[in-house]
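Reading through the structure tokens given below for one structure.
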Amino acid sequence: MFLISKGGLIVFLMILLSLGSQSLSAAPVKETLTFIDTQSFDSEFVASLANNDVPVTVDFYSAVTPNQIPQRLEKWMALAEINGGKISVTQPSGEMTPKNPLLLMGLFTGVWDLATKLKAEKSSYDMDDAVKNRDVNINLARNPQGGLIVQKVVFIPKEVK
């Protein structure tokens, strides 16, 4: 039988309590994630953005048009913009860049609408912190039918000056 003093028991319980309260992310750190509209995507994404200083790429299982960017991903893009990031668009390879990029940005109106709504409503600290100092690049491509699709969205760390 073990005999533990009152002070030893208190120290033991405090150690157990402190171990149990630490937030250890079970989500793996990845440089490329395939988008799935679930909370587990958010957890993996936070871990991947917060724990490395390299670009994190989000690709898709199925084709996504610029007008159909999933709301969960739009929220991440809007948070990046709210936290000082810039959103840019890369045209499909071999195509000319429009002279007025604002015309193309009209395709992504959901992102900017969401950004203004999120400014009023504070999101999770983990999410804000993860996208802080990240720019977003939306890479477009053409599908076999010639339609415009989002190939990938890259969250790029900004250079610290």
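Can you give the extra length, in nm with one decimal, that the chain gains between residue 43 and residue 63 once fully stretched, where that is 0.36 nm per residue apart less the Cα-Cα distance? Intermediate values should be presented prior to the final figure.
Details: separation 20, 0.36 × 20 = 7.20 nm, distance 2.31 nm.
Stretched fully, the residue 43-residue 63 segment lengthens by 4.9 nm.
Taking the Cα-to-Cβ direction at residue 88 and at residue 29 and moving 7 Å from each Cα, how far apart do the two end points lie in nm?
A separation of 2.5 nm, rounded to one decimal place.
Any read-out appearing in this document is the output of simple, stated calculations on the displayed coordinates, not a laboratory observation. Given the structure is predicted, the values throughout are model-derived calculations rather than measurements. Backbone-built Cβ (ideal geometry, glycine too); neighbour counts: all protein chains shown.
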